[in-house]
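All remarks here apply to the structure that follows.
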Amino acid sequence: MSCLVSSQVGSPAHGLQEECGQYPVPAVPYHRSEVGLAPPAPLSCVGNLGWLYYGYLKGDGTLMTVNSIGASLQTLYMAAFIFYSPEKRRPLSQVLLALVVLVLGFAYFYLWTPDVGVRLNQLGLFCSVFTISMYLSPLADLAEIIRTKSTKCLSMPLTITTVLTSSSWVLYGMQLGDYYIMVPNFPGIVTSLLRIWLFWRYSQEQPLYRHLPM
């Protein structure tokens, strides 16, 4: 869901460290890219807008406010990235893909699903599956972290923020009795705890011997 302002809008715009972590739900995680927008960044904005519409259908001001801010921040991030990027074709194509997803989603949920109750349930299910898949996608980095025995690509502040915000959304979902809000945030808690274990298990720097000739 991309409910959290913490639409941690993006990885640091400049910097050599690659962030391979994820972002709290309802905010969507992404990986950093050197040549294009952080791949899920446009999709993260789609997630924000999906949860914004979900909040609108439920009359939930919290979801609407948080996701409005999240979508705005994601849009500003993408606009700044494209403006300053020397190679614009790839990020523009990513934004175009996100727009296509938005148009198709609007056509399905607004035009082809007239019953509001059915629309709300289907939208909640779609947003939940979308968010969970984005949360779990960074797990592909685990093999590289274990291989190098280094957590250099992870951010401890982001990990702590993720577990706190995910826990907050789980509690919020429990208060509302809304499984579409509650369930997608459990992966955020689990993956954050896994990342904390990785910080404990491995250093953020690669061992010196890996850089020495054999």
message: Can you give the FRET efficiency to the nearest 0.05 for residue 152 and residue 85, using r as the Cβ-Cβ distance and R₀ = 30 Å?
response: 0.75
message: For a test of the definition: using alpha carbon positions, the gyration tensor, and the 1.5 limit on a/c, classify the stretch 60-119 as rounded, prolate or oblate.
response: oblate
message: Compute the distance from the alpha-carbon center of the stretch 58-84 to that of the stretch 116-148, in whole Å.
response: 19
task: Could you run the Debye sum over the Cα atoms of the stretch 84-214, one equal point scatterer each and no solvent, and tell me log10 of I(q)/I(0) at q = 0.12, 0.17, 0.20, 0.22 Å⁻¹, two decimals?
output: -0.71, -1.04, -1.13, -1.18
field: Inter-label distance for residue 122 and residue 143, nm, one decimal - labels placed 7 Å from Cα along Cα-to-Cβ
entry: 3.6
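Laboratory data are not the source of any read-out in this text; all were calculated from the coordinates shown. Since the structure is predicted, the reported quantities are computational estimates derived from the model, not experimental observations. When we count neighbours, we look across all protein chains shown, and the Cβ atoms used for this are built from the backbone with ideal geometry, even at glycine.
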